[in-house]
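Structure record follows, encoded as structure tokens.
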Amino acid sequence: MGKIICACGHENPEGTLLCEKCGQPLTEEGKKSKILNMRYDGIAIRSKTRNKSIVDKIWNFFSSVKVGVTLIIINLVAASIGTIFPQEFYVSVSTEEQKAAYYEETYGSLGKLYYELGLSNVYSSWWFQILVGMLAISIIVASIDRGLPLHRSLKNQRVKRHTSFMKRQRIVAEGPVTEGDPSKTLNLIEEKMKALKYKVRRDGNALLAERGRFARYGPYINHVGLIIFLFGVMLRLVPGFYVDESMWIREGETRAVPGMDGYFIENEDFILEMHDNEKTENQELQGVNVVAKNYQTDVKLYKQSEDAVPGQADNLELVEDYSIRVNHPLQHEGFSFYQMDFRLNELKTMKFELTKKETGESLGEVSIDLTNPQKEYVLNDQTKVELLGFYPDFSGFENGEPQTKTPDPNNPAFIFKMVTPEKPEGEVSFVAIQQTIEPNGDNTYKMEFQSVEMRDMSGLTVHKDSTIPILAIGGVIFMLGVAIGSYWNHRRVWVEQLEDGTIRLAAHTNKNWFSIKKDLNALSEFAHLPRYIDQGEEDKEADGEGKEKEGDSTL
Amino acid sequence: MSLIDISGNLLFVAFIAYLVGTFFFGGAIKSSKPDGAAKRADKWGKLAIIITIIGFIAHLSYFITRWIYTGHAPVSNMFEFTTAFGMFIIAAFILIYYMYRLTALGLVALPIALLIIGYAAMFPNDVDPLVPSLQSYWLTIHVITAALGQSVLAISAVAGLLYLLKDTDPNAKTKGRFWLEAVLYFMVLVIGFILATVTFRVIGYEADFTYVDKEGMNQEITYNMPAVFGMNEYVLLTDDVLEPFVETAPVINAQKLTTVFWSFIFGTILYILIRLITRRSILSMLHPLVKKVNLNLLDEIGYRSVLIGFPIFSLGALVFAMIWAQEAWGRFWGWDPKEVWALITWLFYAAYLHLRLSKGWEGNKSAWLACIGFAIILFNLIVVNLVIAGLHSYA
């Protein structure tokens, strides 16, 4: 690789814009410009120097800030498209056909198009993920491309800079001191700049005061945080890192926890509380009568002892007794249980009495557990009721056969066979809510409905997310980096005292020129320095505002 | 007088103070004529900021008394959040004012806060009970931090707007002039919304309808403005009121569309009146007011507000939001529209920073970007809450 040798004798790597040692501009453009471009302190950047192999080209593509910004904007637009209509996971239908139908029925032909283009599931589409991935690569490559050389350059800063570097800074001052002994000026400057919390280095007749250099690392630190965060998100795809299961559990039930081997959970009670306020205007507008106050499931979490048979609910040890509420999940061994859903008043048991129609005489009571119906209910030696058919969610007949819509006992129907001393061969009866059919003619006995018992059902989500610590670390690093980069800035003041005692001063900051000028005002007054000028301001007034130019701020 | 009434009155005091403050800021800028009145300008400016601070204290007292009354941070419905947003904008303005001492900022910041509070006052100000998911201290932390971040970011739009008001020549036919006038027209439309709401409220207009929603259920709805658009399969229940002209599809909330329509009509009439009476564009009226401001300083203030606001916004609207979502729903990110638009806002300001750093988008371009950023913030507040359904929708 070629070297650029500066007039001061320093050998710079190819692509250097400002001599690493003395700061003299090395390009024609730099020599002509009134204010130097101080981006990355004029260091050689890989992406700006090599462009031969394919690797170089890919590297250069991703290191470009222009590409980075374009990727940000594309991601932004893609993300916004996903909010036009609700995403599929917010639509409560299950099958593909139902989804397609839902979008078409609800949102018309636009909705259909939206669904067919896959925009209804945009965030898990391959192209959206590629976009995010490209942005991540861009962050990594651009940070390495600029961060490492910048670090080297900031570490090896020289105190004394070339005249052409000094004169081409945005803020410059030159002239004799306004009062006092010029031989003391540098000492005064050092004193004042130290009081202003600058670090001061001196080299002969030159001085460099510097403050907040670490602010230059802010952007790189926050990029590291972002990458760690995105890495954490990707880790979820690795099996075992992420568990996301949901379960329904009825009051009084004990069930194995999905995704959490050897654990069982018992629903002791589900509690729904409502606010008892008067209806507010907002409720009126939204058509809401009462507002929920609390969703709570009182649970017991059990662990199976070591020697138990897997899946068997015996030998259980109680590990937690907890009331799960929204915002207050039960947490155990990295797993969390969230209150997500509920169903009130599910039928639990139905009671019937075997009655003789004519006299109303009762032969006994049958209680049917709807989640666990028995084949027959024996009342005595000669009397029993056989359950020939059970349809938990009866939806009508099809070809004479009773049908059930779901396995949940929402609308139970039964076919009973009643065996009595009077009718030992049995009488068949179909019983549903408010409906009795006797297929073989008029029966002597009937199953008379007595009562129901109901219970609530609670929907819980079981989560384990081992990536959370990684995400948290990424988030903390990101926030630190953003804060460092935003709330601190890197200010430098170079001063040189010429042979005749006059002072030449130049100042640069990566942002917040207002504050460095305040520092300089205080310094000028204290050390009686010549007035500084802001060449950037003159520049803007002369050339008109808003013209396209390279940024003078630095990452 | 109960605490909630006191609270309401304090908000009113704040509103009046900001209104008076705006005129003083106007006076501060205007009176700095070369008749040796720099001192007088200084006086006006000092008075203006004192009035603003008094207003802010009243506003903060409203916030605190309401907090005590309701028992939770008053940021849980559209009225509460939007008034708080107005308060944080004033807070951010006061902060930036004491950093840069630029009175001209008040001339834009205060009217924007006034519009926002006025807008908020059009929503029901009842205290709503909290649903279980909102019953968390994260409501306080997340919402307040996010709103504070948005408010500081809003100041960059204030500086941007001021920059554009000075930088755009009202006599040259440019794209910039057209769009800036469009922004000002939009602000008049907000006044139009307030006027329309207040007018029909004073009249006591009410029209009841039944309609069929998109799930096929029968619902009832009350219009407080003459129904131009009717809901899906509407049936009018009130006598002697306007029958809707158009029936809309079930996904469209025709009641809200009607509100937008009337705001548009009132705002446009107001705008035309302003144009007819003054015979000038709003831009050319405001342009001379800001003649004296330093463009470089405005540019720097705009950039600095983004730098101050961006980390606060990231913390409140993304980090705290994720922590809360993890606690309430078991997932830190769920692609809810509000979350997505917070991400979009964040990406947009990230783009702003990168464009400024590497492409040198300063001055005029930066000012426009700041305005667009604020438009995204308003979109997230208004459209996402009211139009796009999701976990954060309020009405």
Problem set entry | Flagged links, alpha-carbon separation over 20 Å, of A:21/A:167; A:34/B:166; A:155/B:359 | A:34/B:166; A:155/B:359
For this session: Treating cross-link reach as a plain straight distance, find the aspartates and glutamates whose alpha-carbon is under 14 Å from the alpha-carbon of residue A:160, omitting any fewer than eight places away in the same chain.
Result: A:20, A:203, A:210, A:496
Problem set entry | Reference-scaled alpha-carbon Rg (2.2 N^0.38 Å with N residues) for the protein assembly as shown | 1.20
Seminar exercise, completed: In whole percents, the bins of 10 Å from zero upward hold the Cα-Cα pairs of segment A:346-456 as 14, 49, 30, 6, 0
For this session: Using the Karplus curve 6.51 cos²θ - 1.76 cosθ + 1.60 with θ = phi - 60°, work out ³J(HN,Hα) for each residue of segment A:239-247 in order, rounded to whole Hz, and write x for Gly and Pro.
Result: x, x, 7, 9, 10, 9, 10, 10, 9
Exercise. Plugging the Kirkwood radius over Cα pairs into Stokes-Einstein for segment B:42-182, at a temperature of 37 °C and a viscosity of 0.692 mPa s, what D comes out in µm²/s?
Worked result: 197 µm²/s
Problem set entry | Simple spin-label estimate for residue A:91 and residue B:251 in nanometres, 7 Å along Cα-Cβ | 0.9 nm
For this session: Would you mind ranking B:341, B:44, A:488 so that the residue whose beta carbon has the fewest other beta carbons within 10 Å leads the list?
Result: A:488, B:44, B:341
For this session: If a/c stays under 1.5 just call it rounded; otherwise compare a/b with b/c (prolate if a/b is bigger, oblate if not). Do that for segment A:299-373, with a ≥ b ≥ c from the square roots of the Cα gyration tensor eigenvalues.
Result: oblate
For this session: Show that you can apply the helix-only estimate: for the protein assembly as shown, add -39,500 (n - 2.57) for every DSSP H stretch of four or more residues, divide by all residues, and state [θ] at 222 nm to the nearest 500.
Result: -15500 deg cm²/dmol
For this session: Take the alpha carbon gyration tensor of chain A, find the square roots of its eigenvalues, order them as a ≥ b ≥ c, and report rounded if a/c is under 1.5; if not, report prolate when a/b exceeds b/c, else oblate.
Result: prolate
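Over 26 Å between Cα atoms: which of A:517/B:365; A:31/A:184; A:112/B:338 fall into that group?
A:31/A:184
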Exercise. At what distance in angstrom do the alpha carbon centres of segment B:250-281 and segment A:197-219 lie from each other?
Worked result: 57 Å
For this session: Within 10 Å, count the other beta carbons around each residue, average over each peptide in B:23-29, B:364-370, and list them highest first.
Result: B:364-370, B:23-29
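Grab the Cα-Cα distance for residue A:333 and residue A:515, subtract it from 0.36 nm times how many residues apart they are, and report the gain in nm with one decimal.
Working: separation 182, 0.36 × 182 = 65.52 nm, distance 5.11 nm.
So the extension gain works out to 60.4 nm.
What is the calculated FRET efficiency for residue A:451 to residue A:382, with r their C-beta to C-beta distance and R₀ = 25 Å, to the nearest 0.05?
That gives a FRET efficiency of 0.45.
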Exercise. In segment A:242-370, if every C-alpha pair distance is counted and binned at 5 Å from zero, what percent goes to each bin?
Worked result: 2, 8, 14, 15, 13, 11, 10, 8, 7, 6, 4, 1, 0
For this session: With θ set to phi - 60°, apply the Karplus curve 6.51 cos²θ - 1.76 cosθ + 1.60 along segment A:477-494 and write out the HN-Hα couplings as whole Hz, x wherever there is a Gly or Pro.
Result: 4, 4, 4, 4, x, 4, 5, 4, x, 9, 9, 10, 9, 9, 10, 9, 10, 9
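Between residue B:241 and residue A:285, how high is the FRET efficiency from 1/(1 + (r/R0)^6) when r is the Cβ-Cβ distance and R₀ = 22 Å? Nearest 0.05.
The pair residue B:241/residue A:285 has a calculated efficiency of 0.75.
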Problem set entry | Prolate/oblate/rounded call for segment B:258-395, Cα gyration tensor, a/c under 1.5 rounded | oblate
Problem set entry | Whole-number D in µm²/s for segment A:1-140 (Stokes-Einstein; Kirkwood sum over Cα pairs; 37 °C, 0.692 mPa s) | 171 µm²/s
For this session: For residue B:230, list long-range residues whose amide hydrogen, built 1.01 Å from N in the peptide plane, is under 5 Å from its own amide hydrogen.
Result: B:245, B:246, B:247, B:248
Exercise. Taking all pairs of different Cα atoms in chain B, averaging 1/r and flipping that mean, what Kirkwood radius in angstroms comes out?
Worked result: 22.5 Å
For this session: Just tell me which aspartates and glutamates come within less than 16 Å, Cα to Cα, of residue B:173; anything on the same chain fewer than 8 places away is out.
Result: B:181
For this session: Report the antiparallel proportion of the DSSP beta bridges in segment A:363-436 as a percent, rounded to a multiple of 5.
Result: 95 percent
Seminar exercise, completed: For residue B:99 and residue A:372, extending 7 Å from Cα along the Cα-Cβ vector and measuring point to point gives, in nm, a value of 6.7 nm
For this session: Starting at the first residue of segment B:290-307, write each ³J(HN,Hα) from the Karplus equation 6.51 cos²θ - 1.76 cosθ + 1.60 with θ = phi - 60°, in whole Hz, x for Gly and Pro.
Result: 9, 3, 7, 6, 8, 4, 4, 5, 4, 4, 5, 4, x, 5, 4, 5, 5, 4
Problem set entry | Amide proton proximity set for residue A:24, modelled H, under 5 Å, gap of 5+ | A:19, A:162
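Bear in mind these aren't lab numbers, they're just calculated from the coordinates by the rules spelled out. Small disclaimer: the values here were computed from a predicted structure and weren't measured. When we count neighbours, we look across all protein chains shown, and the Cβ atoms used for this are built from the backbone with ideal geometry, even at glycine.
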